[in-house]
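Structure first, then comments.
Quick note: the coordinates plus some simple rules give every number you see, no bench work behind them. The structure displayed is predicted, hence computed values, not measured ones. For neighbour counting, all protein chains shown are included, and Cβ atoms are generated from backbone atoms with ideal geometry for every residue, glycine included.
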Amino acid sequence: MNAGQPVVSPDPALPFGVTASAWRDPAPRVVVRAGAAALDVAALADRGIVSSGAGPGRVGWWQSGSLDAFLAAGRTAWQQVLGELRAAVSDPAALPADAVLGLDEVQLVLPYSVADYVDFYASEHHAMNLGRILRPGQPALPPNWRHLPIGYHGRSGTVVVSGTPVRRPRGQHRVDDADRPEFGPTQRLDVEVEVGFVVGAASRHGEPVPVEAFAEHVFGVCLVNDWSARDIQAWEYQPLGPFLGKSFATSVSAWVVPLEALEAARVPVASAATELTPYLREVEPWGLDVSLELSVNGEVLTRPPFSSMFWSAAQMLAHQTVNGASVRTGDLFASGTVSGSSPDEVGSLIELSHNTKFLADGDDVVIRATAPGSDGTTVDLGEVRGSILPALG
Ligand code: MN
């Protein structure tokens with residue numbers, strides 16, 4: 001390795017992404033992050049260092065410049081490729097120079113085609129906080145909350161990659177208890193700090209995915225900012241749930257961290273201690289000890305702990321398919337706002353400011369996260385960033 005080459009570290013987490021182009025090729029390419037370098041997976045496959053998935057009548061996983069084909073390939077393929085990549089980064093000097101890019105050379109794009117997008121509401125602290133703010137005088141938690149992971153279907157077509165600016169939406173909202181709504185730019189633009197799960201292998205329509213089959217279907221984890229216009233949301237959400245207050249944009253991190261890299265981060269979740277309907281019973285329901293951090297204009301405002309969630313990701317997958325609805329390659333489901341028990345651990349500005357302070361035009365919002373990795377290492381889940389553009393005039 002020469003002095004100018006980016007440093008490949010034997011990072012066992014191996015987050016996957018897609019760069020819009022590499023210096024030698026104007027087409028998008030799948031890359032894997034390893035320390036200060038990004039490895040061009042197609043170039044490694046060309047040398048036989050990583051499997052290509054190609055065969056008689058089959059194009060390879062890395063040909064399309066998207067993660068879609070590799071996600072669809074399923075768990076056996078994921079394990080094989082991750083093993084090959086771990087072996088490759090353990091001997092950086094042996095990597096072909098044209099497979100090693102600097103992180104500053106990659107322009108990360110949305111790495112897979114987002115199929116369906118579902119967002120849950122799996123933090124009890126968040127649900128309690130929101131209930132108190134939105135429905136004062138009523139029970140904070142709805143009666144179904146501890147019996148099923150509440151969710152809604154979002155708009156997959158407006159899921160955008162980290163770095164994409166977000167335009168302040170306009171819509172109907174009601175000021176105090178006025179008789180009529182007003183129309184205009186949201187005055188209460190908020191963030192929701194969340195963790196997302198990326199589905200690789202599809203399920204069959206008509207067949208629920210049991211909690212035990214979670215790892216057969218879910219490839220990895222990303223960070224999510226579920227931008228929310230609280231005034232639009234408050235006026236529209238009853239009785240059918242969030243609609244235009246959420247669907248204008250959802251930002252995701254550019255890197256997808258394989259679930260396999262997060263085994264050391266597993267922690268029990270609170271639903272374990274609850275009497276559940278059989279399809280939600282998991283022997284040891286697990287969450288992840290992901291430490292999140294929300295910054296606005298460079299100032300850290302809050303540090304939500306994903307370890308505090310009530311529902312597990314396997315319970316969320318089992319619930320969204322229990323009626324026979326199928327999941328597809330590229331489905332994204334997010335946890336819902338992550339809020340811990342203390343005021344400096346909440347995952348939204350509505351909670352942080354008690355419904356008084358929201359985003360201004362030009363604000364730069366960043367969510368970052370880390371988790372414990374194997375052998376005392378730290379897994380960097382990267383960041384999801386977005387800045388606020390003024391509303392259309
Ligand atoms: Mn949300």
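Before moving on, here are some points about what is shown:
- Each of the peptides 187-197, 145-155, 35-45, 212-222 was scored by the mean count of other Cβ atoms within 10 Å over its residues; in descending order, highest first, they stand as 187-197, 35-45, 212-222, 145-155.
- Nearest 10 degrees, 0 to 90: helix 75-89 Cα axis against the chain principal axis: 60
- Förster-model FRET efficiency, 30 Å R0, Leu148 and Ser341, C-beta, rounded to 0.05: 0.85
- Nearest 10 degrees, 0 to 90: helix 124-134 Cα axis against the chain principal axis: 40
- Charge dipole (Cα centre; +1 on Lys/Arg Cβ, -1 on Asp/Glu Cβ; no other charges) of segment 117-389 amounts to roughly 720 debye.
- Residue of Ala88, Ala229, Ala249 that the Gaussian network model of the chain assigns the largest fluctuation, springs spanning Cα pairs under 10 Å: Ala88
- Inter-label distance, nm, simple model (7 Å from Cα along the C-beta direction), Gln79/Asp98: 3.4
- Relative contact order (%) - criterion: Cα under 8 Å, at least six apart; region: segment 193-251: 35
- Cα point-scatterer Debye curve for the chain, base-10 log of I(q)/I(0) at q = 0.07, 0.09, 0.13 Å⁻¹: -0.32, -0.53, -1.08
- Gyration tensor verdict on segment 16-109 (Cα atoms; rounded if a/c is under 1.5, prolate if a/b is larger than b/c, oblate otherwise): oblate
- The simple Förster model, with R0 at 35 Å and r as the Cβ-Cβ distance, assigns Asp363 and Ser113 a FRET efficiency of 0.75.
- Amide N of segment 266-309 lying under 17 Å from the label point, which is placed 7 angstrom from the Cα of Val322 along Cα→Cβ: 270-286
- Segment 227-279-segment 108-135 distance, computed between alpha-carbon centres (Å): 3
- Helices in the chain, meaning DSSP H runs of at least 4 residues, each add -39500 (n - 2.57). Divided by all residues, the mean residue ellipticity at 222 nm is -4000 deg cm²/dmol.
- Debye-sum result for segment 77-143 in log10 I(q)/I(0), which assumes one identical scatterer on each alpha carbon, at q = 0.16, 0.19 Å⁻¹: -0.79, -0.91
- The chain - percent relative contact order, Cα under 8 Å, separation 6 or more: 20
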